[in-house]
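Everything on this sheet refers to the single structure shown next.
The values are calculated or read from the model by the stated rules, or taken from the named source; none is laboratory data. Since we're looking at a predicted model, the values are computed, not measured. We place every Cβ from the backbone using ideal geometry, glycine too, and count neighbours over all the protein chains shown. We work out accessible area using only protein heavy atoms, side chains counted, and drop any ligands, DNA or RNA first. Shrake-Rupley method; radii C 1.70, N 1.55, O 1.52, S 1.80 Å.
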Amino acid sequence: EKGGYPYFMLKEISEQPAVLADTLRGRLSPDGAIVLDEERLSGEDFRDIDKVFIVACGTAYHAGLIAKYAIEHWTRLPCEVEMASEFRYRDPVLDRSTLVIAISQSGETLDTLMAVKHAREQKARVLAICNTNGSTIPRESDAVLYTRCGPEVGVAATKTFLGQVAACLLVGLFLAQARGVLYGDEVGAYVEKLQKMPDLVARTLGTVGPVRELARSLSGARTVLFLGRHVGYPVALEGALKLKELAYMHAEGFPAGELKHGPIALVEQGVPVVVVVPSPRGRAVLHDKVVSNIQEVRARGARTIVIAEEGDHLVEPFADHLIRVPATSSLFSPLVTTIPLQVFACELALARGLDVDQPRNLAKSVTVE
Ligand code: F6R
């Protein structure tokens with residue numbers, strides 16, 4: 001049942017092009033509208049939404065952080081992302097024109113469920129992004145978009161994260177359309193571009209071989225730092241979380257721009273620093289700033305592991321290790337930049353002799369608060 005792989009996690013990483021394609025299939029109606037799986041709200045209810053909160057835990061929270069960039073950009077609605085365990089205890093301002101998006105692979109995470117219940121008590125509308133049909137969180141929600149990733153056996157989320165990111169992008173387009181800020185043909189063009197992503201994910205999986213050797217050479221590192229900017233920041237957080245969970249190593253993700261405000265003090269000779277570089281096309285200013293950050297950490301002795309778009313030559317002089325990903329539009333880029341980080345954490349853990357399917361102290365579904 002591991003399909004010839006020694007671990008479920010390796011199989012699940014390899015399934016990502018297919019689960020992404022499945023999650024995106026049939027999402028556009030003939031008249032150009034995004035199709036959710038369940039909708040117990042009217043078009044008017046969605047049109048009246050004036051702010052969005054995203055609640056989730058762990059990896060799903062990272063998908064939510066990525067969603068914020070897309071939702072604010074496409075809908076022009078303010079969007080906050082919060083760890084579900086913090087949300088209801090701070091008395092958030094909620095009413096019937098608030099949309100709370102709950103992201104949960106299992107649909108049973110108690111912190112996320114309690115955040116949903118609290119939101120509903122305050123009359124907020126709830127939309128769930130979930131991988132488990134008929135689980136509790138979608139049952140408690142007004143609308144549902146299911147990721148179609150199939151069961152995930154590895155305790156660390158991999159393919160379901162990609163599914164969640166794709167689902168978040170679809171929800172962003174859905175809300176923009178409901179508000180009348182994006183029209184059918186624009187939404188259709190985005191969906192068409194999204195549907196090309198499974199091929200790019202497959203291409204990325206085909207070129208991550210060198211990441212394996214690199215990871216093995218770092219199995220003795222004491223800490224690994226991850227930097228990113230814009231949507232690359234949540235990707236950096238996810239890379240660090242995977243490394244903690246799987247390899248039991250200290251790892252931290254930072255927004256690259258925060259480096260000079262403290263974290264750069266951690267950089268010393270030989271510390272591996274993984275940098276997720278934004279595309280040089282689009283907003284070149286962000287790209288250039290991240291390239292300066294790579295130079296800054298390298299000047300202080302860091303071993304730089306640079307994840308950059310194909311054709312980005314500006315990073316070359318500063319990368320001790322260069323990992324290429326296909327060029328994409330920036331909002332879609334996490335679907336490819338995450339892949340080498342998953343492989344990196346998995347290989348590093350294997351090099352340390354660990355069981356990547358069953359990391360210590362972790363449960364697949366956390367049903368206690
Ligand atoms: C990380 C991981 C966890 C889950 C978190 C939420 O690899 O698996 O951080 O993402 O416990 O779980 P769900 O999505 O089931 O609510």
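What full-extension length gain, to one decimal in nm, is calculated for L322 and H250 as 0.36 nm per residue of separation minus the Cα-Cα distance?
23.7 nm
Kindly report, to the nearest 10 Å², the accessible surface of K289 as traced by a 1.4 Å probe over protein heavy atoms only.
My reading of the accessible area for K289 is about 100 Å².
Net charge around R88, counting only other residues with Cβ within less than 12 Å of its Cβ (Lys, Arg = +1; Asp, Glu = -1)?
Once positives and negatives cancel, what remains is -3.
Over the Cα atoms, compute the radius of gyration (one decimal) and Dmax (the largest Cα-Cα distance, rounded to a whole number) for the stretch 1-114, in Å.
16.9, 51
So for the chain: antiparallel DSSP bridges make up what percent, rounded to the nearest 5?
The antiparallel fraction comes to roughly 5 percent.
Go through F332, F8 and list them by solvent-accessible area, largest first, probe radius 1.4 Å.
Listed by decreasing accessible area, they come as F8, F332.
List the GluC sites (Glu not before Pro) in the stretch 1-69 that DSSP assigns to loop (not H, G, I, E or B) and whose Cβ has at most 13 other Cβ atoms within 10 Å. Which are they?
E1
Just need the relative contact order of the chain here, percent rounded to a whole number, with Cα pairs under 8 Å and 6+ apart.
Dividing the mean separation by the residue count of the chain yields 19 percent.
Rounded to whole Å and sorted largest first, list the principal axis extents of the Cα atoms in the stretch 202-301.
37, 34, 22
What number does the stretch 12-76 give for Rg over Rh if you use C-alpha atoms and the Kirkwood radius? List each step's numbers first, then the result.
On the way: Rg = 14.6 Å, Rh = 14.5 Å.
My calculation puts Rg/Rh at 1.00.
Name the lysines eligible as straight-distance cross-link partners of K117: C-alpha to C-alpha under 21 Å, and not fewer than 8 places from it in the same chain.
Counting by Cα, and skipping residues close in sequence, K117 has these lysines nearby: K51.
R47 to K364: FRET efficiency via 1/(1 + (r/R0)^6), r the Cβ-Cβ distance, R0 35 Å, to the nearest 0.05? Numbers along the way, then the final one.
On the way: r = 38 Å, r/R0 = 1.08.
Efficiency at R0 = 35 Å is approximately 0.40.
Leaving out same-chain residues fewer than 8 places away, which lysines sit with a Cα under 18 Å from that of K289?
The reachable lysines, counting only those whose Cα sits under 18 Å from K289, are K260.
Please compute the Kirkwood hydrodynamic radius over the chain, one decimal place, Å, based on all pairs of different Cα atoms.
20.7 Å is the Kirkwood radius here.
Quick check: with the 1.4 Å probe, what order do K123, K2 take by accessible area, largest first?
Per-residue accessible area, sorted high to low, gives K123, K2.
Any idea what diffusion coefficient the stretch 1-43 gets from Stokes-Einstein, in µm²/s, Kirkwood Rh on alpha carbon pairs, 37 °C, 0.692 mPa s?
252 µm²/s
Which net charge results for the neighbourhood of G134, defined as the other residues with beta-carbon distances under 13 angstrom from its beta-carbon, given Lys and Arg at +1 and Asp and Glu at -1?
Working: positive: R139; negative: D37, E38, E108, E140.
With Lys, Arg at +1 and Asp, Glu at -1, the neighbours total -3.
Of K159/K196; K2/K242; K159/K364, which ones are farther than 19 Å apart at the Cα?
Among K159/K196; K2/K242; K159/K364, the Cα-Cα distance tops 19 Å for K2/K242.
Just to confirm a number: summing +1 for Lys and Arg and -1 for Asp and Glu over residues other than F318 whose beta-carbon lies under 11 angstrom from that of F318, what do you get?
That works out to -2.
Between M83 and Y5, what is the label-to-label distance in nm when each label sits 7 Å out along the Cα-to-Cβ direction?
Between M83 and Y5, the label points sit 2.8 nm apart.
What span do the alpha-carbon atoms of the stretch 58-175 cover on each of the three principal axes, reported in whole Å from largest to smallest?
The Cα atoms of the stretch 58-175 stretch 37, 29, 22 Å along the principal axes, largest first.
Would you work out what percent of the accessible area of the chain, with all protein chains in place, is carbon or sulfur (probe 1.4 Å)?
Accessible surface attributable to carbon and sulfur in the chain totals 50 percent.
Given H placed on each backbone N at 1.01 Å, which residues far from V126 in sequence or on other chains put an amide H within less than 5 Å of it?
Placed amide hydrogens put V100, D142, A143 under 5 Å from V126.
Might you tell me the accessible area per residue for the stretch 1-109, computed with a 1.4 Å probe and given in Å²?
Here the per-residue accessible area is 44 Å².
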